[in-house]
C-alpha cells in the first residue's frame, strides 16, 4: 500500500519499549503511525475509526481478549502479536476470524502482516454482507412459502395458483414477492 493510501496505524503494547520498537518499524513504511497506551486506545479509536490496530502483548490475557473482541465488533483490521505464545494462549483469544495472530518474534516484516490484516478484515466484512443477504433471502422465501400456504388453505388454490396470485399481485403493485407475502401475513395476523 502506498503511504498516501495508508490508514492510521495504531500501535498498542503492554510494554512501552516494544510499542516504541514496533512504531519505529512501521513508521519507515507508513506515514500515519501512532503509538499509544492501553488507556489512550479508546479515545484514539473514536477519533480515528478506520484505523489498523497493531497489538503486542506478552501473554494472551483478559485485556488483550477485550481489545480483540472490540476490534472484531468494530471491524478494525487487526494484527495481534503475542511475545510468549503457546497453545493455551491461543485458546484464550477469540478465534482468529478477521484478524492476524502471530508470535512476537516473527521474522517477517510487520508491514506484510498489516497488509494481510486489512485483506483478512475486508474478506470477513464481505462474507458478513453475503451472509446477511442470504439470510434475508431465506427469510423472504420462508414468508413467500407461508403466504402461499395460507392462500392455498383460505382460497382453495393449488400451489401453482397460489404462487401465480402472489406473483401477479407483486407485479401489479410494483413490489417484491417478499413484500406481498409479508403484507398477506400481516393482514391475516400471521406475523
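Brief remarks on what is shown
- Subset of segment 154-178 that is in contact (Cβ under 8 Å) with a residue 12 or more places away in the chain and part of a helix (DSSP H, G or I) - its residue that is nearest to residue 141 (Cα to Cα): 178
- Residue in segment 134-142 that is surrounded by 13 or more Cβ atoms within 10 Å (Cβ to Cβ), in contact with a helix residue (DSSP H, G or I) (Cβ under 7 Å, 6 or more places away or on another chain) and at negative phi present: yes
- Residue within segment 125-132 that is surrounded by 14 or more Cβ atoms within 10 Å (Cβ to Cβ) and touching a residue at least 24 places away in the same chain (Cβ under 8 Å) present: no
- Hey, residue 144 free of Cβ contacts under 8 Å to residues at least 60 places away in the same chain and in the same structural domain as residue 62 (by TED's automatic domain parsing) or not: no
- Selection count, segment 179-190, where residues are touching a residue at least 24 places away in the same chain (Cβ under 8 Å) and in a loop (DSSP other than H, G, I, E, B): 2
- Hey, residue 78 surrounded by 13 or more Cβ atoms within 10 Å (Cβ to Cβ), free of Cβ contacts under 8 Å to residues at least 40 places away in the same chain, under 25 Å from residue 123 (Cβ atoms) and within 25 Å of the chain's Cα centre (by Cα) or not: no
- Only one entry of 79, 134, 100 meets the criterion of being at pLDDT 90 or above and closer than 25 Å to residue 18 by Cα, and that entry is 79.
- For segment 176-185, the criterion of being at pLDDT 90 or above, more than 30 Å from residue 29 (Cβ to Cβ) and loosely packed, with under 13 Cβ neighbours inside 10 Å is satisfied by at least one residue.
- Test for residue 72: is it in a loop (DSSP other than H, G, I, E, B) and surrounded by 17 or more Cβ atoms within 10 Å (Cβ to Cβ): no
- For segment 44-63, taking the residues that are more than 21 Å from the chain's Cα centre (by Cα) and part of a strand (DSSP E or B), the one that is surrounded by the most Cβ atoms within 10 Å (Cβ to Cβ) is identified as 57.
- Criterion (assigned to a helix (DSSP H, G or I), in the same structural domain as residue 98 (by TED's automatic domain parsing) and farther than 18 Å from residue 106 by Cα) met by exactly one of 41, 22, 10: 41
The values are calculated or read from the model by the stated rules, or taken from the named source; none is laboratory data. Given the structure is predicted, the values throughout are model-derived calculations rather than measurements. Counting neighbours? That spans all protein chains shown, and the Cβs are built from the backbone with ideal geometry, glycine included.
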